[in-house]
Structures are given as C-alpha cells and as structure tokens.
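Reading through the structure tokens given below for one structure.
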Amino acid sequence: MLPRLTEAHDQQHLFPALPIELRLKIWNFNLPPPRVVPIRCGAKSLSFSSHAQSPSPSTSGCTSYAPVPVNLHVCHESRREALGSYRLSFGMTRNPGQIFFDEAHDILYFGARDGYMASEAQFLTVMALCDPADLANVRHLAINDSLFWVDSTYQSMSAANLTIEVLKQVRARMPRLKRLVFVPRDENPVYDDHVELAPANLYGPLEQRMARQMEAAVAAVCSMFPDWTPPQWCIMALGAKQPGTEHYGLAPVPSITDYPECVVAPCSLKGQSPAGLAHAYCVARQDYFPRA
C-alpha cells in the first residue's frame, strides 16, 4: 500500500513540469458542466439543503448554495484560469457580488420560498436591486412555478397576470437571455444543494397547464412590446444530481434527434399569435446548456 501512495504522490509533483499550454488545457477540462445556481436573499429557500453549510445571511447581496467550482480553490494558476469564466455576481446596493457565476453557461434559478408571495417578492427584489450589468449578462434562467401561486393556492387569473409581469421584468432586465426554463412546483421539493434540470412529464396536467399559461403570457408581452424577441422557453423538472453523473470537459451541442424522448414544450418565437406560434424545441437535458 505504501509504495502505491508514494508513487501517486511523486506523479502529482510532475504536473508543474508540464508545458503551460497543457496545464491550462487540463484546468479547462476540469471546469464543471453548466450549473443550476439557486439564488437567495435572506431566509433559506425550499430548494436548498436543510443541512448544508449556510453562508452568513447578508443584507447587501444575494448568496447561493451552488457548489463553488473546485478550480477556484486548487492553486493560483487554476484560480486565475477559472476566473476567466466565473466572476462574483449579483451584488446589491453597490456592494460586490457574492455568487460565482458563469454567465455564458450557468443557469440562474429562482426557487420556491416559504411565506406569502415570498417567491415572487424575491424575484422582484433581485430584479430591482441587483447590479443591472450582472442581470443583463444572464443567458440561462430557470423559474419555479411557485412564483405564480398565491401562498399555497393556484388561481388562474392571478397566475396569468403574475406570469406576464415576470416576463416583462425578463424583457427589461435580461436582454441577452437565450433560454428560459419553467420548473413545476413540487409538493415534495428537493432539499439538496446539488441540483440539476431533468425531463418533465409533458403529459401531466400541471405541465400542460403551465405550457398554456406560458404561451399566453409570451404572446401578451409580445403584443405589448412588438420589438421584443423572447427567449426560447421550455418546461423541465428539478432533481437532485446523482453522484457520478457529472460530465467534465467541452461538450458538443446535442442534436435534437439524439434525445427524441426529451423534447419538451415548444419554444415561442417572435411575432406570432397564440393560435399560430412558430415552434422550435428545447432539449430537456443538463447538457442542453453545453460548455463551449
């Protein structure tokens, strides 16, 4: 046993002797795949682990339980390279951000929260007070259906109006947004800090209702703002990441034909009425948001 440990220890010392180009490539391959980054301001969200190590609550910014990419902690060289992708974001009231976020690949997630209209209140707080430049650079956004509920009750008229208001905020604050994911509200939420998006049950009554609600809201906002090009949107579920399922490295964009069973609700495009929406499709896979 000891010789093997010694051999492994010696091999690790060979890494600094590698050419700098090769070392940087290895660090790049060690970056995590696109992460779901739940954001919170204040009390704990339903989507977070009840046993995770919590950062101290801050009144000057937002925090997240999303694991910090390990490259930021290995050494000076790995951190310097990782900071080319990740930067501290979503500061409030002129205070610096506290969440490491890769705006090109990570998925900013607004989850369920305890309290009357708390989910919507947190969303509006972030949109109003976070650094506008950070919000404007978000490319991928996920929103829990709980934002459209009044406490624990779903009311179709209120939900329709809330959805329109959320989309109006998205239009105004996130002009570079490419993909918008809606996550069904779960009576048994995921209590874990390692979460990922997964295919939803497209034939379930909740998902069908959400699809109709989103189509109508997108059409309504498009009619209010004819110059707006809405992001692609789809419905996906949230689940705990299974150990050993991480895929590191540069992932190619998957073809839609590769996962025919994962095609989800249609993505609405600009300038179409609810009855004649042109459709593209989103792939309900974590690697739908590839690192490229």
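Applying the set (1) assigned to a loop (DSSP other than H, G, I, E, B); (2) in contact with a helix residue (DSSP H, G or I) (Cβ under 7 Å, 6 or more places away or on another chain); (3) at pLDDT below 90 to TYR203 leaves exactly one unmet item: (2). Going through (1) under 24 Å from ARG212 (Cβ atoms); (2) at pLDDT 95 or above; (3) assigned to a loop (DSSP other than H, G, I, E, B) one by one, PRO175 falls short only on (1).
Looking at this structure, is THR163 buried (at least 16 other Cβ atoms within 10 Å of the Cβ) and either among the aromatic types (Phe, Trp, Tyr) or closer than 21 Å to ALA118 by Cα (or both)? Explain how you work it out, then say what you get.
On the way: buried (at least 16 other Cβ atoms within 10 Å of the Cβ): yes; either among the aromatic types (Phe, Trp, Tyr) or closer than 21 Å to ALA118 by Cα (or both): yes.
So THR163 passes the test.
Of the residues LEU124, LEU135, LEU147, LEU88, which is closer than 23 Å to ALA172 by Cα, of a type outside the set (D, E, K, R) and part of a strand (DSSP E or B)?
Working: LEU124 fails: part of a strand (DSSP E or B); LEU135 fails: part of a strand (DSSP E or B); LEU147 fails: part of a strand (DSSP E or B).
Exactly one residue qualifies, and that residue is LEU88.
Would you mind stating whether ARG94 is modelled with pLDDT under 90, part of a loop (DSSP other than H, G, I, E, B) and not small (Gly, Ala, Ser)? Taking the combined requirement at face value, the residue satisfies it.
GLU196 falls short on exactly one of the conditions (1) surrounded by 21 or more Cβ atoms within 10 Å (Cβ to Cβ); (2) at pLDDT 95 or above, and that condition is (2).
Can you pull out the residues in region 82-111 that are out of contact with any His (no Cβ under 6 Å at 6 or more places or on another chain) and crowded, with 22+ Cβ neighbours inside 10 Å? Spell out how you get there, then give the answer.
Of region 82-111, the ones out of contact with any His (no Cβ under 6 Å at 6 or more places or on another chain) are 82-106, 108-111.
ALA82, TYR86, SER89, PHE90, ILE99, PHE101, ASP102, ASP106, LEU108, TYR109, PHE110, GLY111, listed by residue number.
Of note, ASP151 does not satisfy the criterion of being within 16 Å of SER119 (Cα to Cα) and touching a Pro at 6+ places or on another chain (Cβ under 7 Å).
The values are calculated or read from the model by the stated rules, or taken from the named source; none is laboratory data. Values in this document were obtained by computation on a predicted structure and should not be read as measured data. Here the Cβ is made from the backbone with ideal geometry for all residues, glycine too, and neighbour counts use every protein chain on show.
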